[in-house]
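No value in this document is a laboratory result; all are computed from the given coordinates. Keep in mind that this is a model prediction, so the values were computed, not measured. A quick note on method: Cβ atoms are made from the backbone with ideal geometry, for glycine too, and the neighbour counts reach across all protein chains shown.
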Amino acid sequence: MSTLTELAQQIAQLYPLQDKAGKRYRVVGELAGMTELEEINGEPRYIKTRALKDAQAWQLAR
């Protein structure tokens, strides 16, 4: 059985992107300059690929 720390680490690995609101996402696909993200609850989100380079809006999980 996983501890809470291990569970948090697994979530960070599966959903490595975090926006400034604290929501976690994973990259699903990329096409024509748009990136499809999936939120931890399964909701899709579409953003411009270059927007992911904005360090104030996005950060990678550690």
**OP:** Count charges around Leu37 for me, please; just the other residues with Cβ under 15 Å from its Cβ, Lys/Arg as +1, Asp/Glu as -1.
**Re:** +1
Original post:
Based only on the alpha carbon positions, what is the Kirkwood hydrodynamic radius of segment 4-60, in angstrom?
Top reply: 11.7 Å
Original post:
At what distance in nm do the modelled label points of Glu36 and Ile11 sit from each other, each positioned 7 Å from its Cα along Cα→Cβ?
Top reply: 2.5 nm
Original post:
Can you give the extra length, in nm with one decimal, that the chain gains between Arg26 and Tyr46 once fully stretched, where that is 0.36 nm per residue apart less the Cα-Cα distance?
Top reply: 6.0 nm
Subject >> Charge-dipole axis of the chain as Lys and Arg at +1 and Asp and Glu at -1 on Cβ define it, positive-most pick from Ile40, Gln18, Leu4 >> reply: Gln18
Subject >> Sum of side-chain charges, Ile11 neighbourhood, beta-carbon under 11 Å (Lys, Arg +1; Asp, Glu -1) >> reply: +1
Original post:
To the nearest 10 degrees, how steeply does helix 4-14 sit against the main Cα axis of the chain, on a 0 to 90 scale?
Top reply: 20 degrees
Subject >> Simple Cβ-charge dipole of the chain, Lys/Arg +1 and Asp/Glu -1, about Cα centre, in debye nearest 20 >> reply: 240 debye
Subject >> Helix-derived mean residue ellipticity, 222 nm - over the chain, DSSP H n ≥ 4, -39500 (n - 2.57), to 500 >> reply: -5500 deg cm²/dmol
